[in-house]
Amino acid sequence: MNKESKIFIAGHRGLVGSALVRRFVSEGYTNLLTRTSRELDLTRQADVETFFEKERPEYVLLAAAKVGGILANNTYKAEFIYQNIMIAANVIHSSYRYGVKGLLNLGSSCIYPKHAPQPMKEEYLLTGSLEPTNEPYAIAKISAVKLCRYYNDQYGTNYLSVMPTNLYGPDDNFNLETSHVLPALIRKFHLARLLREKRSGEIERDLERFPAGFHLQNPSDLERLGVTAGYVEIWGSGEPYREFLYVDDLADACIFLMDKYGYKEIGEIINVGVGEDIQIKDIAGLVREITGFEGEIRYDRMKPEGTPRKLLDISGIKALGWTPNTALEAGIRMTYDWYRKTVQDPKRSAQSARG
C-alpha cells in the first residue's frame, strides 16, 4: 500500500474500524473510503456490488460485523449467523470481482474449539466443537476464513484473515445487553460508583448518551443488571481466563501485516493478541480499582460464563516482528477516560482518544 491507495474500511464506526481509521490517518494515508450502514447495507449483495463497481477500492479491511457478548449471542442467534455470513460473502466476493489488490478479514478467537489446548495455535481451527454460547457467530467467522482461503486457492487473490483476541478501547459497545465483558465491567462499576455517591444527574446523562439495554428508564432499573450502590454482580464464577488486546494495537498489527506480508507468508489465519491472560475475577478487581468503586463484587453462578480459557498463541506474528505496545492497566485507564469524556461531551470524537 502507498499513502494514496484507495482503502475501503468496512465498519469504520465500530471498535476495530474506528481504530483502523485513527491509525491510517496518523500514518498519513489520504484516500480512505468509508460508508455508514445506512449508506451501504453490506448484507445486500446488489448494493455491495454497485458500491465496488463505482468506487473500485484497491484495498479492503473487513471490520464490519454484528458482535456482542454472551447474552446477545444467545438471544439473537439467527441474526448473528445470517448477518455475519452475508457481510463476509458480499464483501469478499465483490473484492474478487472488482480487482481488489489486498483484503484483510477480521475474525475472532471464538472460532477455535471450546476445549482447544492452550495457548491456541492457528492449526487448532476445526479440531473440536465450538463454545455453544457463541456458535452462530463463530460459524459465520469460520465461513469468512474459508472464503478467503478458497478464493486465494482458486483465483490467486491475496486475502488475509486475522484472528484477534478479546478487544477493548475507544468506541467500544457499552450497551449492557449486548457488550463484551470488559466494556460491560467498566460501565457497571462506573454506574455503581455514581449510585453510591448519589450522583443521579450523571447517571441520567450516562443513560441518555449510551444505550443501556433492557429498556432502562431510570437509575433504579439498574439493579436488574446487577448494578447497585453496594455491589456489582458479574455473570458466572469469575474463574474463566481471558486475554485482552487494546484495539489500537490490533490496528497497528493489521497495517503491519497488510503492508508487508501476503497470504503465502502468513497462511490461512494468523493470531493477534498479547500472549497473556487474566481471570475474570481479577480483571473485575482491576476495573473496580480504576473506576473508584468501593462496594462488593458478587458472582451469579447460575449464569453462563463461556469458554474456560481463551489464550492465543501469537508466536507467528511475533516471528514476523510485531508485538503489542499497550499494557492492560494503561489500556483500561485510557478506555475509561474516553468513556467518561464521551458521556460529558457526546459530540466528542474517538479520533482524539488515543493517549
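The values are calculated or read from the model by the stated rules, or taken from the named source; none is laboratory data. Quick caveat: nothing in here was measured; it's all calculated off a predicted structure. Cβ sites come from the backbone with ideal geometry, for glycine too, and all protein chains shown count toward neighbours.
Remarks
- One residue from Ile81, Ile85 being surrounded by fewer than 21 Cβ atoms within 10 Å (Cβ to Cβ), over 19 Å from Asp47 (Cβ atoms) and in contact with a helix residue (DSSP H, G or I) (Cβ under 7 Å, 6 or more places away or on another chain): Ile81
- Tabulated pairs, the range 223-252, first in contact (Cβ under 8 Å) with a residue 40 or more places away in the chain and more than 17 Å from His190 (Cα to Cα), second small (Gly, Ala, Ser) and part of a strand (DSSP E or B), C-beta under 6 angstrom, 6+ apart or interchain: none
- If the condition is being in contact (Cβ under 8 Å) with a residue 24 or more places away in the chain and outside any helix (DSSP H, G or I), then the range 67-88 contributes Val67, Gly68, Gly69.
- Condition met for Leu61 (modelled with pLDDT of 95 or more and part of a loop (DSSP other than H, G, I, E, B)): no
- Considering only residues in the range 255-280 that are touching a Pro at 6+ places or on another chain (Cβ under 9 Å), buried (at least 17 other Cβ atoms within 10 Å of the Cβ) and not small (Gly, Ala, Ser), the one that is farthest from Asn325 (Cα to Cα) turns out to be Ile280.
- Residue among Asp259, Asp337 that alone is modelled with pLDDT under 90, over 30 Å from Ser129 (Cα atoms) and in a helix (DSSP H, G or I): Asp259
- Every residue from the range 13-30 that is part of a loop (DSSP other than H, G, I, E, B) and surrounded by 16 or more Cβ atoms within 10 Å (Cβ to Cβ): Arg13, Gly14, Tyr29
- If you go through the range 9-58 and keep only what is among the hydrophobic types (A, V, I, L, M, F, W, C), free of Cβ contacts under 8 Å to residues at least 60 places away in the same chain and in contact with a helix residue (DSSP H, G or I) (Cβ under 8 Å, 6 or more places away or on another chain), you end up with Ile9, Leu32, Leu33, Leu40, Leu42, Val48, Phe51, Phe52.
- Pair list, Cβ under 9 Å, 6 or more apart: the range 275-291 residue within 16 Å of Leu312 (Cα to Cα) and touching a residue at least 12 places away in the same chain (Cβ under 8 Å), other residue among the hydroxyl-bearing types (Ser, Thr, Tyr) and part of a helix (DSSP H, G or I): Gly275/Ser315
- Set side by side, the residues Ile234, Ile186, Ile203 differ, and just one is within 30 Å of Met334 (Cβ to Cβ), within 24 Å of the chain's Cα centre (by Cα), of a type in the set (Val, Ile, Thr) and modelled with pLDDT under 95, which is Ile234.
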